[in-house]
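A.B. asks: Below you'll find the structure I mean.
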Amino acid sequence: MTERGYYGQFGGSFIPEILVATFEELVQAFEQAKADPGFWDSYVRLMGNYSGRPTPLTYAENLTEHFGGARIYIKREDLNHTGAHKANNVMGQGLLVKRMGKSRVIAETGAGQHGVATATMAAKFGFDCTIYMGEVDIQRQRPNVFWMEQLGATVVPVTEGTRTLKDAINEAFRDWVSAMDDTHYVLGTACGPHPFPEMVTWFQSIIGREARNQVLEETGRLPARIYACVGGGSNAMGIFSGFLDDDVELIGVEAGGRGLETGAHATRLASDDASLGVAQGYKTFFLQDDDGQMKETHSVAAGLDYVGVSPILSHLKASGRVRFTAATDEEVVEALSLSIRKEGLIPALESAHGFVQAFKEAPELSRDDVIVINQSGRGDKDIFTVADALEDPSWRKFIRDKAEEYDAH
């Protein structure tokens, strides 16, 4: 950071006056926790005995042979409790909520993984929990909605705007303004006003710390390249943070949707469609029109369907430290299918964006090179979307039969 909450020209804290005291309380609690080695130790212990960390670094031998280039390793964040990297952030924020003495948590969610992780954390720590989720995302991520509700969370459908992630964030902030005395907003990605980008990155940095040690132990060298999908940016910042000071190329892969030329995508840093602006409490690149109105976005992956991006990643692009590309929906489904058939791994649709670019570039590297893909989540949540995209006849028959069965009752 160049100054408090800023990364170059990006970041900041553009919040209503009514929230200033609440944010200052959070900043102080976070800075005290960061300065306390015991806090990080307690966090690592919690993630070890509750979430299953450290997650393994898996050598993808079959994919390596298939592409005939660099050795491909996959950081298995899908093996975290709740099935994604999201647990890293929410469990850390849960410990902060306990330090602050608050009793209720709220969150936004797109793909639902952050919602499930927050509901899980709330159940463990005994907090009341409300999750805001766009109506569109509720429809395509019904399994995650089911588990949030079983965990005791109240899931509130957001019916305004595009009914996706950005609208869920807006509703969560409205809730926080009216209930800030006893409520903490567990923001799910490395976006938003300070201290959220720094705080979420700090908790997610456990990915990069582990991955760096693991790849050195396994291969005796640092990787040539690291790939991660980019929605808001939390999983990418998590793994990138372990290698920022190394001679390692970092590649963030955004949602190319139906193709950049169609406008139906969520690509902020890998295209010229985004512009600098201030929204939702921070300054970064947003997909917006000339009047500053947010555009509609599209991705087959609900967790990448967001108009903004982490101010830290915007700064890392501006400085040339991270390269950004985009993967289309079609490419993502193909990469997912290949990963399933070759390795028996089922990455989330979000994670599969990183796989797309790694698969494109692996053949151009030598067998002495190592690349790492961050598998940020598992794909069972995407079964409806993937089965539909693959036009699987058995699945369609199953859905029809179930519908007829319910109609009969």
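The rows are residues; the columns are (1) in a loop (DSSP other than H, G, I, E, B); (2) in contact with a strand residue (DSSP E or B) (Cβ under 6 Å, 6 or more places away or on another chain); (3) not assigned by TED's automatic domain parsing to the domain that holds Lys295.
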{"site": "Asn144", "(1), (2), (3)": "no, no, yes"}
{"site": "Met148", "(1), (2), (3)": "no, yes, yes"}
{"site": "Asp175", "(1), (2), (3)": "no, yes, yes"}
{"site": "Met180", "(1), (2), (3)": "yes, no, yes"}
{"site": "His184", "(1), (2), (3)": "no, yes, yes"}
{"site": "Thr189", "(1), (2), (3)": "yes, no, yes"}
{"site": "Asn213", "(1), (2), (3)": "no, no, no"}
{"site": "Leu250", "(1), (2), (3)": "no, yes, no"}
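A.B. asks: Which pairs do you get when a residue that is within 23 Å of Phe14 (Cβ to Cβ) and in contact (Cβ under 8 Å) with a residue 40 or more places away in the chain, found in the stretch 194-221, comes within reach of a residue that is outside any loop (DSSP other than H, G, I, E, B) and β-branched (Val, Ile, Thr), reach meaning Cβ atoms under 6 angstrom, with the pair 6+ apart or on two chains?
C.D. replies: Pro195/Val27; Pro197/Ile312
A.B. asks: Something else: Please tell me if Gly115 is over 21 Å from Val27 (Cβ atoms), touching a Leu at 6+ places or on another chain (Cβ under 7 Å), in the same structural domain as Glu31 (by TED's automatic domain parsing) and at pLDDT below 95.
C.D. replies: no
A.B. asks: While we're looking at this one, here's another question. Just a yes or no: is a residue in the stretch 300-314 surrounded by fewer than 24 Cβ atoms within 10 Å (Cβ to Cβ) and more than 15 Å from the chain's Cα centre (by Cα)?
C.D. replies: No, the stretch 300-314 contains no residue that is surrounded by fewer than 24 Cβ atoms within 10 Å (Cβ to Cβ) and more than 15 Å from the chain's Cα centre (by Cα).
A.B. asks: Moving to a separate point now. Would you say Glu405 is among the acidic types (Asp, Glu) and part of a helix (DSSP H, G or I)?
C.D. replies: Considered against the rule, which asks whether it is among the acidic types (Asp, Glu) and part of a helix (DSSP H, G or I), Glu405 comes out as yes.
A.B. asks: Residues of the stretch 67-97 being charged (D, E, K, R) and more than 13 Å from the chain's Cα centre (by Cα), which ones?
C.D. replies: Arg71, Lys75, Arg76 - these are the residues of the stretch 67-97 that are charged (D, E, K, R) and more than 13 Å from the chain's Cα centre (by Cα).
A.B. asks: Hand me the list of helices (runs of 4 or more DSSP H) wholly inside the stretch 1-85 holding 1 or more residues that are more than 21 Å from Thr189 (Cβ to Cβ) and in contact with a helix residue (DSSP H, G or I) (Cβ under 6 Å, 6 or more places away or on another chain).
C.D. replies: 37-46, 61-67
A.B. asks: Also: Going through the stretch 19-43 one residue at a time, which ones are of a type in the set (A, V, I, L, M, F, W, C) and surrounded by 13 or more Cβ atoms within 10 Å (Cβ to Cβ)?
C.D. replies: The answer is Leu19, Phe23, Leu26, Val27, Ala29, Phe30, Ala33, Phe39, Trp40.
A.B. asks: If I ask for residues that are within 14 Å of Cys191 (Cα to Cα) and either outside any helix (DSSP H, G or I) or of a type in the set (S, T, N, Q) (or both), which ones from the stretch 159-173 would you list?
C.D. replies: Asn170
A.B. asks: List the pairs whose first member sits in the stretch 370-392 and is farther than 17 Å from Ala60 by Cα, whose second member is of a type outside the set (A, V, I, L, M) and part of a strand (DSSP E or B), and whose Cβ atoms are under 9 Å apart, counting only residues at least 6 apart or on separate chains?
C.D. replies: Here the result reads Gly379/Pro347, each pair linking the stretch 370-392 to a residue that is of a type outside the set (A, V, I, L, M) and part of a strand (DSSP E or B).
A.B. asks: Out of the residues in the stretch 76-93 meeting the condition of being touching a residue at least 40 places away in the same chain (Cβ under 8 Å) and in contact with a Phe, Trp or Tyr (Cβ under 8 Å, 6 or more places away or on another chain), tell me which one is farthest from Gln214 (Cα to Cα).
C.D. replies: By that ranking, first place goes to Gln93.
A.B. asks: Give the residues of the stretch 118-142 that are of a type in the set (D, E, K, R) and either in the same structural domain as Asn235 (by TED's automatic domain parsing) or not in a helix (DSSP H, G or I) (or both), sorted by residue number.
C.D. replies: Listed by number, the list holds a single entry, Asp128.
The values are calculated or read from the model by the stated rules, or taken from the named source; none is laboratory data. This one's a predicted model, so the numbers in the text were calculated from it and none came from an experiment. Virtual Cβ from ideal backbone geometry, glycine too; neighbours counted across all protein chains shown.
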